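The next block holds one structure in the form of structure tokens; read it before the comments.
Bear in mind these aren't lab numbers, they're just calculated from the coordinates by the rules spelled out. On a predicted model such as this, the values are computed, not experimentally measured, just so you know. Here the Cβ positions follow ideal geometry from the backbone for every residue, glycine too, while neighbour counts run over all protein chains shown.
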Amino acid sequence: MKAMCLMLAVLALSTVAAAKDKETMQGTIVSENSVSCGSEAKGKKQTMELMCQEYVIRTSATEYHVRQEKAAHKEMLPVNVPVEFTLNKDKMKFKVSGKEYEMLVVSESAVAAPPPAPAAAPKK
């Protein structure tokens with residue numbers, strides 16, 4: 001009986017997660033950083049470090065860190081621009097200024113909650 005309940009719970013959670021992955025969400029590109037994404041042999045003893053752009057896309061509840069999937073895609077995206085995106089496993093597809101991009105999600109984190117407002121002093 002416990003095993004059946006556990007299986008149903010896992011199935012329900014995976015269904016919710018799959019549904020979340022397909023919906024269109026709104027966010028904003030809040031920052032861009034150049035990060036190392038591998039190296040390339042330049043000679044017998046020399047290697048050249050490859051750099052990729054990593055963007056932070058923030059929604060109301062989550063920050064997604066995404067990178068170009070291939071180092072050849074070097075187009076810079078503007079910051080503080082709204083994006084509309086969908087998630088599918090570890091890939092994010094989004095539109096910026098009418099152009100579509102597909103990037104790899106490398107991490108995600110919860111957006112820090114704003115500090116609570118100070119309580120009003122009681123009236124005397």
From the cross-link list Lys45/Lys74; Lys70/Lys93; Lys45/Lys91; Lys42/Lys70; Lys44/Lys74; Lys70/Lys95, the entries with a Cα-Cα span beyond 24 Å are Lys45/Lys74; Lys45/Lys91; Lys44/Lys74
So for Arg67, Arg58, fewest C-beta neighbours within 10 Å to most, what's the order? Arg58, Arg67
